[in-house]
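The values are calculated or read from the model by the stated rules, or taken from the named source; none is laboratory data. A quick note: this is a predicted structure, and the numbers were derived from the prediction, not measured. Every residue, glycine among them, receives a Cβ derived from its backbone with ideal geometry; neighbour counts consider all protein chains shown. We work out accessible area using only protein heavy atoms, side chains counted, and drop any ligands, DNA or RNA first. Shrake-Rupley method; radii C 1.70, N 1.55, O 1.52, S 1.80 Å.
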Amino acid sequence: MSAVDTINNLGAMLLSGDVEVVDLAGPLGPETPLLKLPPDLGTNTPTIEIHKISQYDENGPWWAWNWLKIGEHSGTHFDAPQHWITGKDYKDGTTDTIPPQNFVAPVNVIDCSKESEANNDFVLTADGVRAWEAKHGAIKSGEWVVMRTDWYKRNHSEDAFLNMDENGPHSPGPSVDCIEYIIEKGAIGWGSETIGTDAGSAATFDPPFPAHNLMHKADRYGLASLSHLDKLPPKGAVIIAAPLKIVNGTGSPTRVLALKPKG
Ligand code: 23J
Ligand code: MN
């Protein structure tokens, strides 16, 4: 089918509902869970603030608008290569310089919900990804790989979402060899439903935070705090994940959307 026919059909099928738009973003406000780094690792991102400028009142009789105080890495968000020291030299590695073609791509959804419920420290390995490919088909170059854990169901409570105890945070994520493997396959990015793209225990990995260290070193992207991956098929959906065009931005809150066949 020609690209002209494909776009015409896509437009018609969006209007008819045969192609559905799934919202993969969580709510963004003062209650949104935020990363809590151990004190020895540095400064944390500030609490989100939404301040009223006017609401049809003496500060603006006919209009309502707000101003925001918000970190780039807050809520459902995009990680750009320059977020990590390993990706700092990529010229097209900030939110304003990434080619827009890279913001729309097919997605592979690896369901780890049962494993993550049974073990909050569940780590997906390269063998786990290969087993998923044997069942659902190969991950192709340029595609997203996202880990479904149903962790988003905890996002109403920062305590439940971060799941910290005296030993640190407990949340599922990828192993070092998992990230090495998807980079080798050419994945454009890695996405998770947890506070960041890495597992809660990833500070102890070698290298620490592989979804950051290795993906950004390879000029690839991240998506964190995704919601509703349970609404997506293993293959056959396309995601639209375009960060705000922040000048020299290292990431941004993002309304990540998926297009999928109805049903
Ligand atoms: C800074 C330091 C460590 C981590 C992160 C940020 C994130 O998860 C993030 O939001 O990129 S792990
Ligand atoms: Mn981030």
Which residue out of N108, N66 is more than 16 Å from ligand 2 (Cβ to nearest atom) and under 15 Å from the mean Cα position of the chain (by Cα)?
N108
If you scan segment 209-234, which residues turn out to be open to solvent by 30 Å² or more (accessible area, probe 1.4 Å) and near ligand 1 (Cβ under 9 Å from one of its atoms)?
F209
For segment 213-263, give me every one of the strands (runs of 3 or more DSSP E) that falls completely inside it and has 1 or more residues that are in contact with a Pro (Cβ under 6 Å, 6 or more places away or on another chain).
237-240, 251-253
Considering only residues of segment 90-104 that are part of a helix (DSSP H, G or I) and touching a residue at least 12 places away in the same chain (Cβ under 8 Å), which is farthest from ligand 1 (Cβ to nearest atom)?
P100
Give the residue that is nearest to A218 (Cα to Cα), with candidates limited to residues of segment 157-180 that are touching a residue at least 12 places away in the same chain (Cβ under 8 Å), open to solvent by 10 Å² or more (accessible area, probe 1.4 Å) and assigned to a loop (DSSP other than H, G, I, E, B).
S175
The correct count of residues that are open to solvent by less than 50 Å² (accessible area, probe 1.4 Å) and either over 14 Å from D219 (Cβ atoms) or aromatic (F, W, Y) (or both) in segment 96-111 is 7
State yes or no: is F205 within 12 Å of ligand 1 (Cβ to nearest atom) and not hydroxyl-bearing (S, T, Y)?
yes
Residues of segment 130-142 classified as assigned to a loop (DSSP other than H, G, I, E, B) and open to solvent by 20 Å² or more (accessible area, probe 1.4 Å), total
5
Exactly one of these conditions fails for L37: (1) within 16 Å of ligand 1 (Cβ to nearest atom); (2) surrounded by 16 or more Cβ atoms within 10 Å (Cβ to Cβ). Give me its number.
(2)
Name the single residue that is farthest from the chain's Cα centre (by Cα) among those in segment 181-198 being in a loop (DSSP other than H, G, I, E, B) and among the hydroxyl-bearing types (S, T, Y).
T194
Report every pair of residues separated by at least 6 positions or lying on different chains whose Cβ atoms are under 8 Å apart, first residue within segment 74-89 and on the phi > 0 side of the Ramachandran plot, second open to solvent by less than 60 Å² (accessible area, probe 1.4 Å) and within 12 Å of ligand 2 (Cβ to nearest atom).
G75/S225; G75/P253
Out of all the residues in segment 58-81, which are of a type in the set (S, T, N, Q) and open to solvent by 60 Å² or more (accessible area, probe 1.4 Å)?
N59, N66
